[in-house]
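Notes follow the structure.
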Amino acid sequence: MSDPADAATAPRRASAGSPRRRTLLVMAADAVEARPLPRQGEVSIGRAAGCDVQLDHPSISRNHLLLRLGDETIEVIDQGGANGTLLRAVRLPPGVAVELAANEPLGVGDLTLVVQEIRATPPGAPAPRKPSGAVTASRGFSPVVRDPAMRRLHELAARVARGTISVLVVGETGTGKEVLAEVVHRASPRAGGPLVRINCAAFADSLVESELFGHERGAFTGASRERRGLLESADGGTVVLDEIGELPLPLQAKLLRVLEERAVMRVGSSSLQPIDVRFVASTNRDLEVEIEAGRFRRDLYFRIAGAVLAIPPLRERPDEIVELARAFAADAAALAGGSPLAFSEDALAALVQHTWPGNVRELRNTIERAVLLAGDAGITAAELPFASTPATSPPASASAPASAPAAAAAAGLADEMAALERARIIEALAACQGNQTRAAAMLGMPLRTLVKRLAKYDVPRPRKRSR
């Protein structure tokens, strides 16, 4: 098994997504075993003693498959064993490299293999912060939690994690819903069990049922043996249903049954298989709007939303922007093999003033890019794609006082933007006859954000009309 330690200084190691810590989960019946994997290289898997990962199981061939691990890619190559390798319910052709997504299940004989990825914490990075008590997150560094609303959110997450209630994490794209879902898992009594992430938007409609619930032998073409689904493989642990708002309606009905009966029915079976899992769902959609539009089941919503954890967008917690930026910069600099970089005052001001439509994910990408572009002077506004630098800014008017503070101009711009946003909100409410849910959808913002804006701009909330 090769180890890429000697490639630590390669240019690609400075890319946004590397290096990563990879683990191979081996699931057989009710047993789950974790095997460490290198960040790069080829890993042979089979029953033979010379394989990098030896699996002593009668359904596994001596040299069953090969994993090819790159900085940002994973490929699987079936070696032509008798029982073959199943990916997305399709048997792979021998000798052909097929791209595999992280956390995607592989059927190998009677076993299920999953390559899990976790961002490695680089040497020299700041000590991870604990969001609430002993709660920690293992993906990269722990969340920066300074905003009072975020502190309350993480305290609530720590409390609900101790029980068995289903949790729904909501927030805009890029706010860190997957991190908070992991916080819930690791703060729960199930922390020692498997954590299985299921992206409900990533499955093809024809395959999602088999992947979720498993199948019996002969249930469809290519189903040469029975297979446990992802929900069964998480027995004793936590299932994270990412982007649950994308789940097709027929699958919503079947998932509702799983939540009610705590059992799954495999494709092609007439009997139920009991499971013991905790469900954490996440979405960037307003499910109330989806329910009104008939795209999401109300009864399923009540089942998954036992406790709702709403993550505020980054623009509503500006106190965290600078600290997050510095943490991302230290992370990126360490991965690139350099020293931590300082931020200039104009760069910090630009970061705080930006509205961050992509939230924390956009901030991370922006800082990682800035680290690569920065010179000896550190990170300045010139390395930020949205900031105006002194070199490109128009010259000051000769009649303007030389001592006029830039803050006054920024404040004037902020007032103009606030007035424009208030006017758009009033127009949307008028167009929707006061229906706040429809107005929020028209404006492209969550309903809870619209309600906050109504209070912020002193706009009277429309009353429900009596029938």
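Work out, in µm²/s and without decimals, the Stokes-Einstein translational diffusion coefficient of segment 243-312 at 20 °C, 1.002 mPa s, Rh from Kirkwood over C-alpha pairs. Can you show the working numbers first?
Values: Rh = 13.2 Å.
Rounded to a whole number, D works out at 163 µm²/s.
May I have the convex hull volume per residue, in Å³, for the Cα set of segment 219-344? Mind dumping the intermediate values first?
Numbers: hull volume 25.4 nm³, N = 126.
Looking at segment 219-344, the number lands at 202 Å³ per residue.
Normalise the Debye intensity by I(0) for segment 279-386, one equal point scatterer per Cα, no solvent, then take log10 at q = 0.16, 0.19, 0.21, 0.22 Å⁻¹ and round to two decimals.
Once normalised to I(0) and log-transformed, intensities are -0.74, -0.88, -1.01, -1.09.
Quote to one decimal, in nm, the extra length available between Ala149 and Val451 on full extension: 0.36 nm per residue of separation minus the C-alpha distance between them. Mind dumping the intermediate values first?
Details: separation 302, 0.36 × 302 = 108.72 nm, distance 1.60 nm.
That works out to 107.1 nm of additional length.
How many nm is it between the label spots at Leu156 and Glu75, if each spot is 7 Å from the Cα in line with the beta carbon?
The two pseudo-label positions are separated by 4.7 nm.
I want to make sure I understand the PRE zone here: with the label point 7 angstrom from the Cα of Arg422 toward its beta carbon, which residues in segment 446-461 have backbone N atoms less than 16 Å away?
Residues 451-461 qualify, since their backbone N sits under 16 Å from the label point.
Rounded to the nearest 0.05, what FRET efficiency do Arg91 and Thr173 have when you use their Cβ-Cβ distance and R0 = 25 Å? Before the final figure, lay out the partial values.
Numbers: r = 35 Å, r/R0 = 1.42.
After rounding, the FRET efficiency stands at 0.10.
For Glu261 and Thr437, calculate 0.36 nm times their separation in residues minus their Cα-Cα distance, and state this gained length in nm to one decimal. The partial results should precede the final answer.
On the way: separation 176, 0.36 × 176 = 63.36 nm, distance 3.25 nm.
That works out to 60.1 nm of additional length.
Let's test the formula: R0 of 30 Å, r as the Cβ-Cβ distance of Glu42 and Asn199. What FRET efficiency results, to the nearest 0.05?
Numbers: r = 27 Å, r/R0 = 0.89.
Given R0 = 30 Å and the Cβ-Cβ separation, E is 0.65.
Put a dot 7 Å past each Cα toward the Cβ at Arg315 and Gln54; how far apart are the dots in nm?
5.8 nm
Looking at Leu300, Ala349, Ile321, which one has the Cα that reaches farthest to the positive end of the dipole of segment 220-368 (charges on Cβ: Lys, Arg +1; Asp, Glu -1)?
Leu300
For the pair Ala377 and Ala253, what calculated FRET efficiency results from E = 1/(1 + (r/R0)^6), where r is the Cβ-Cβ distance and R0 = 56 Å, to the nearest 0.05?
Details: r = 59 Å, r/R0 = 1.05.
Efficiency, rounded to the nearest 0.05: 0.40.
The numbers here are math on the coordinates, done by the rules we state, and not lab data. This is a predicted model, so every value here is computed, not measured. Here Cβ is always computed from backbone atoms with ideal geometry, including for glycine, and neighbour counts include all displayed protein chains.
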